[in-house]
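Notes for the one structure printed next.
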Amino acid sequence: MTTTDPSTDYVELPVHERPLVHELAEWRTFIPFAGRVLALQGSHETVAKGIYDHSTAFVDPIGRGLRTMEYAQRMLFGSDRASTAAEIRELHHDIKGTGFDGRPYHAWNREAWTWVHLTSFEAFEYSLRVVHGPVDPASLAALYEDWRQVGMLYGVRSADMPTDVPGLHEYIRDGIETKLTHAPDLGLIRNLARPPGVNLPTALWNPLWRLGRRPLETLVFGSFPARVRERWGIRWTRTREAEHRIQLALLRTAPTPLPDRLRMLPYARQALRDAAA
């Protein structure tokens, strides 16, 4: 397990002064992010086992997703990130059990805890790049430094995190090859498309699902690193790649002319308005 290692230099930046905050405030940023996180964290044996044993994702995917979004927004746009970090850490206090290898695991496992935190950053970086275009290196470096500081608030050790973005990229590349050894049953992922409470007759649901399944899976699986798609047994063709590129082009262009109230997440928009006031 990790022990808390709060940074004595941590200073809570005002929301509107945080790096890339306006881009992160847009709902479209979270779409490729979600698929990327699923790939990078759902392939990690300790993280995956914790999800299987303790998460409500398979019985209440919408509720679980909304709760995750709430905490993500509080960490990105909240005014008391130290309290939110403490709450997140405590939520994982009882997430423990026996791993796939027969050995005990805990959510605070030092290596897994760090992997979750750093892959969340990589997923946001990926999403910022594919949705908003090239990211200014200085802004990205500032965002990563902020991410490191926040990670230490909930117990990620400074010594376990690369000190800069190039180091982070190397850590992720190495981790994809050495840490991501779990390939979940794709049926579990695909079944999330029909969440509990959707009581449409089968005769109506099946044709709707046939229409929506391909674009939905393309959007999700397209954000996976190619190596992870290969390990999960996801067939990826040039046609599928072209379809995914069209989806990303629509995400980049269609929402851009919209006003803030339609382009931003409500929590983030309110936080930015309060900060400006």
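Where does the Debye-calculated log10 I(q)/I(0) of the stretch 16-126 sit at q = 0.12, 0.13, 0.21 Å⁻¹, using only Cα point scatterers of equal weight, no solvent?
With no solvent term, the Cα-only Debye profile gives -0.45, -0.53, -1.37.
In whole percent, and with a 1.4 Å probe on the protein chains, what portion of the accessible area of the chain is carbon and sulfur? Walk me through the numbers on the way to the answer.
Details: 8200 of 14340 Å².
That share works out to 57 percent.
About the Cα centre, and with charges only on the beta carbon of Lys, Arg (+1) and Asp, Glu (-1), how big is the dipole of the chain? Nearest 20 debye, please. List each step's numbers first, then the result.
Working: 34 positive and 33 negative charges, 275 e Å.
The calculated dipole for the chain is roughly 1320 debye.
Among Leu180, Leu204, Leu216, whose mean-square fluctuation peaks in a Gaussian network model of the chain (Cα, cutoff 10 Å)?
Highest fluctuation among the options: Leu204.
Can you send over the solvent-accessible area of Trp113, 1.4 Å probe, protein chains only, in Å² to the nearest 10?
Looks like 20 Å² after rounding.
Could you report the accessible area of Phe100 in Å², rounded to 10, computed with a 1.4 Å probe on the protein chains as they sit in the structure?
90
Going 7 Å from the Cα of Trp236 along its beta-carbon direction, which residues of the stretch 18-38 have the amide nitrogen within less than 14 Å of the resulting point?
Correct set: 35-38.
In whole Hz, with x marking every Gly and Pro, tabulate ³J(HN,Hα) for the stretch 151-158 from phi via Karplus 6.51 cos²θ - 1.76 cosθ + 1.60, θ = phi - 60°.
Couplings: x, 5, 5, 10, x, 7, 6, 4 Hz.
Got a sec? What order do Thr181, Thr237 fall in by accessible area at 1.4 Å, biggest, i.e. largest, first?
Numbers: Thr181 90, Thr237 45 Å².
Correct descending sequence by accessible area is Thr181, Thr237.
Just to make sure I understand: if all protein chains stay in place, what is the order of Leu186, Leu258 by accessible area at 1.4 Å, largest first? Don't skip to the end; give the middle numbers.
Values: Leu186 25, Leu258 65 Å².
Per-residue accessible area, sorted high to low, gives Leu258, Leu186.
For the chain, with the dipole built from +1 on Lys and Arg beta-carbon atoms and -1 on Asp and Glu ones, taken about the Cα centre, which of Pro104, Gly133, Phe77 lies farthest toward the positive end?
Toward the positive end, the furthest listed residue is Gly133.
Calculate, for the chain, the solvent-accessible area per residue in square angstrom, rolling a 1.4 angstrom probe over the heavy atoms of the protein chains. Before the final figure, lay out each step's value.
Numbers: 14340 Å² over 277 residues.
Computed with neighbouring chains in place, this is 52 Å² per residue.
Let me have the 222 nm mean residue ellipticity of the chain computed from DSSP H runs of 4+ only, each contributing -39500 (n - 2.57), with the sum over all residues rounded to the nearest 500.
Details: 14 runs with 173 residues, N = 277.
Calculated mean residue ellipticity at 222 nm is -19500 deg cm²/dmol.
Which parts of the stretch 105-143 would a label at Arg245 reach, counting a residue when its backbone N lies under 20 Å from a point 7 Å out along Cα-to-Cβ?
Only 126-135 fall inside the zone, counting backbone N under 20 Å.
Can you give the relative contact order of the chain as a percent, counting alpha carbon pairs under 8 Å and 6+ residues apart?
Values: 287 pairs, mean separation 95.5, N = 277.
Over the chain, the number comes to 34 percent.
The values are calculated or read from the model by the stated rules, or taken from the named source; none is laboratory data. Quick caveat, the model's predicted, so the values are computed rather than measured. Don't worry about glycine lacking a Cβ; one is built from the backbone with ideal geometry, like all the others, and counts go over all protein chains shown. Calculation scope for accessible area: heavy atoms of the full protein, side chains included, ligands and nucleic acids excluded. Shrake-Rupley method; radii C 1.70, N 1.55, O 1.52, S 1.80 Å.
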